[in-house]
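Down below is the structure, laid out as structure tokens.
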Amino acid sequence: MAIREGRVAQAFVELADTLVDDYDVADLLHTLAEQCVRLLDAAAAGLLLADQRGSLQVLASSSEGARLLELFQLQTEEGPCVECFHTQAPVLVADIAAESHRWPQFAAAASREGFVSVHALPLRLRTQTIGALNLFGRERGALSEEDLRLGQALADTATIGILQERAIHHREILVEQLQTALNSRVIIEQAKGVLATVGNLDMGAAFIVLRTYARNHSARLSEVARDLVERDLDATTVLAGHLAPRPTI
Amino acid sequence: MAELEALRAAVLAALDDPDAAAGVDAVGRVCRACVRLLPVDGAAVSIMSDAQNRETVYASDAVSVALGELQFSLGEGPCFQAYATGGPVLVPDLAKAAAPHWPVFAAQVADYPVGALFTFPVQIGTIRLATLDTYRTTAGPLSAAELSVALQVADIAALALSGLAAGDDSWLDEDGRWLEESSTMRHRQVHQATGVLIIQLELPAGQALSRMRAYAFSHDRPLADIAADIVGRRLLLVEDQG
């Protein structure tokens, strides 16, 4: 028991270690799959993860057999792992053959790969389910309560890591857009100054010239503005044919 | 601290609001909470991308506005230092501060009712996007507990700012609604005047702005006034000036 406790602690440390600054979700999930096989009474483990649009992908597996079986479930859209994801609840199958009526195609495929039992646990935080952890066995029988609890705890740890990474990434994109917007606004104001000076216009008229040119050339306002400010585009070109410059006094 | 949690919850709720004004409100809420929770008299949040591009989203009082304007006008100050280094800039006694990074700001800020300045970078993940600028009228340091609160407030400010980008992305190029509303883009004329100087002085934008800043400094006038005069064609910066 003491040996197992040590290995369990080690497993969590390893999972936590993958949750560093620029960690890779695939790496985290592979670690999780491997730890499950090492610690739990399972012959193989596989992980399905929903992408941002909600469609499931096979992200990690401890063996090629498990990977094929996961892919097979996704293609046929049936099986305990898919069901676990959709119902957001564990699906425990001690004897696949005995329940082959529920997922006939999956039962046949599992049998071909030599798996006779499967336990699917949701990757879940509160109301959000992002995937499923699947434990395949080569012998009939239910996983012990303790193994199930430990498997779920490992899955929960991974889930928190994934959700946190997604949240940070989402916010990073938003604030990058914010800075882009600020830069665009600055450049557009500068371009107005350029056009107003060359064309002898007020700032409002300069903006209309800028916008008209961008629309006529199907270009982004901020790109035309940048070209003007960096003098890759001549102001007279933008002004041409729009408003004849008033004579300067 | 319960009030910090309440603030975070309020900001998160505002993030679900697609209206850009809700995002600005959330930033304002963070600044006002900052003044309540910390021994400071004013707080402001400004978005930055470099020394040229800086816009204040919210300032809790006139002195905070003026401090931001002074730093932008000079192109130096604690906010630029915090943004560049990614660490807080703590100046508990401004009158005695050695300020190698902002000597001119240090000299000019003596005219303001400011005893201490505490400036914090605002970042999300690896992206630094803004600064939280606080001041107080009297000198004195922040305690370790207060510093911890300030850093958490800066984190919540980052969250609030991300709300400005919420909604459709049409504002990305041209709309920038948070910049439009109630003329929140303070430096509009400075950027327009930069464009004028790009042509008149045949300089790249960065140098044009530097020239304008130098002119404002040497004539002891605010940058905004110089910009207004250039845009209004009342002032012509010629080659040998500035």
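Some values worked out for this structure:
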| item | result |
| --- | --- |
| Loop-located GluC sites (Glu not before Pro) in the stretch A:48-84, at most 12 other Cβ atoms within 10 Å (DSSP) | A:Glu77 |
| Alpha-carbon Rg/Rh ratio, for the stretch B:75-116, with Rh computed the Kirkwood way | 0.93 |
| Estimated vicinal HN-Hα couplings, Hz - the stretch A:82-93 in sequence order (Karplus 6.51, -1.76, 1.60; Gly, Pro = x) | 5, 5, 4, 5, 6, 8, 6, 9, x, 10, 10, 10 |
| Cβ-based exposure ranking for A:Met203, B:Met48, B:Met1, in which fewest neighbours within 10 Å come first | B:Met1, A:Met203, B:Met48 |
| Along each principal axis, Cα extent of the stretch B:183-231, largest first, Å | 28, 24, 16 |
| Inter-label distance, nm, simple model (7 Å from Cα along the C-beta direction), A:Leu125/A:Thr212 | 5.3 |
| Cut-off under 5 Å, modelled amide H: who pairs with A:Thr129 long-range | none |
| With at most 13 neighbouring Cβ atoms within 10 Å, loop GluC sites (Glu not before Pro) (DSSP) excluded, longest segment of chain B | B:1-201 |
| Compactness relative to 2.2 N^0.38 Å, alpha carbon Rg of chain B | 1.03 |
| Mean separation of Cα contacts under 8 Å (6+ apart) over length of the stretch B:2-161, as relative contact order % | 27 |
| Whole-Hz couplings from phi, Karplus 6.51/-1.76/1.60, listed for the stretch B:110-116; x for Gly and Pro | 4, 6, 9, x, 10, x, 9 |
| Neighbourhood charge, 10 Å Cβ-Cβ cut-off, centred on B:Ile198 and excluding it, Lys, Arg +1 and Asp, Glu -1 | -1 |
| Local net charge near A:Gly193, Cβ-Cβ under 12 Å (Lys/Arg +1, Asp/Glu -1) | +1 |
| Relative contact order of chain A, defined on C-alpha pairs under 8 angstrom at six or more residues apart (%) | 14 |
| Euclidean distance of C-alpha centroids, the stretch B:129-155 and the stretch B:215-229, integer Å | 31 |
| Alpha-carbon Debye profile of the stretch A:55-188, log10 I(q)/I(0) at 0.22 Å⁻¹ | -1.34 |
| Residue exposure sequence - A:His101, A:His30 - by fewest surrounding Cβ within 10 Å | A:His101, A:His30 |
| Phi-based couplings in Hz for the stretch A:219-234 (Karplus 6.51, -1.76, 1.60; Gly and Pro marked x) | 10, 6, 3, 5, 6, 4, 4, 4, 4, 5, 5, 8, 6, 7, 10, 6 |
| Least to most buried among B:Ser143, A:Ser63 (fewest other Cβ within 10 Å first) | B:Ser143, A:Ser63 |
| The protein assembly as shown - convex hull of alpha carbons, volume per residue in Å³ | 180 |
| R0 of 45 Å, Cβ-Cβ distance B:Thr138-A:Asp27: FRET efficiency to nearest 0.05 | 0.30 |
| Residue among A:Ile208, A:Ile162, A:Ile130 with the largest mean-square fluctuation in a Gaussian network model of chain A, springs linking Cα atoms under 10 Å | A:Ile208 |
| In the stretch B:11-94, chymotrypsin sites (Phe, Trp or Tyr not before Pro) in a DSSP loop with at most 13 other beta-carbon atoms within 10 Å | none |
| Global geometry of the stretch B:1-70, whether rounded, prolate or oblate, following the gyration tensor of its Cα atoms and the 1.5 cut on a/c | oblate |
| The stretch A:71-133 shape via C-alpha gyration tensor axes, a/c threshold 1.5 | prolate |
| Approximate spin-label separation B:Thr85-A:Arg138, in nm, with each point projected 7 Å along Cα-to-Cβ | 6.1 |
| Other-chain or far-sequence residues with amide H under 5 Å of A:Ser63's (modelled H) | A:Ala45 |
| Among B:Gln189, B:Gln52, B:Gln207: highest mean-square fluctuation, GNM of chain B, C-alpha pairs under 10 Å | B:Gln207 |
| Cα-projected label distance for B:Asp17 with A:Phe12, points at 7 Å along beta-carbon direction, nm | 4.1 |
| Sparse-neighbour loop sites [trypsin sites (Lys or Arg not before Pro); the stretch A:127-210; at most 13 other C-beta within 10 Å; DSSP] | A:Arg138, A:Arg140 |
| Histogram of C-alpha separations across the stretch A:142-185, 10 Å bin width, % | 25, 24, 20, 15, 10, 5, 0 |
| Linear extension gain, A:Asp95 paired with A:Ser111, 0.36 nm per residue minus alpha-carbon span | 4.7 nm |
| Amide H contacts under 5 Å for B:Val57, placed H, 5+ residues apart | B:Val45, B:Ser46, B:Ile47 |
| For chain A, Kirkwood radius (reciprocal of mean inverse C-alpha pair distance, Å) | 21.9 |
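Coordinate-derived values only; no laboratory data. All values reported here derive from a predicted model rather than from experimental measurement. Every residue, glycine among them, receives a Cβ derived from its backbone with ideal geometry; neighbour counts consider all protein chains shown.
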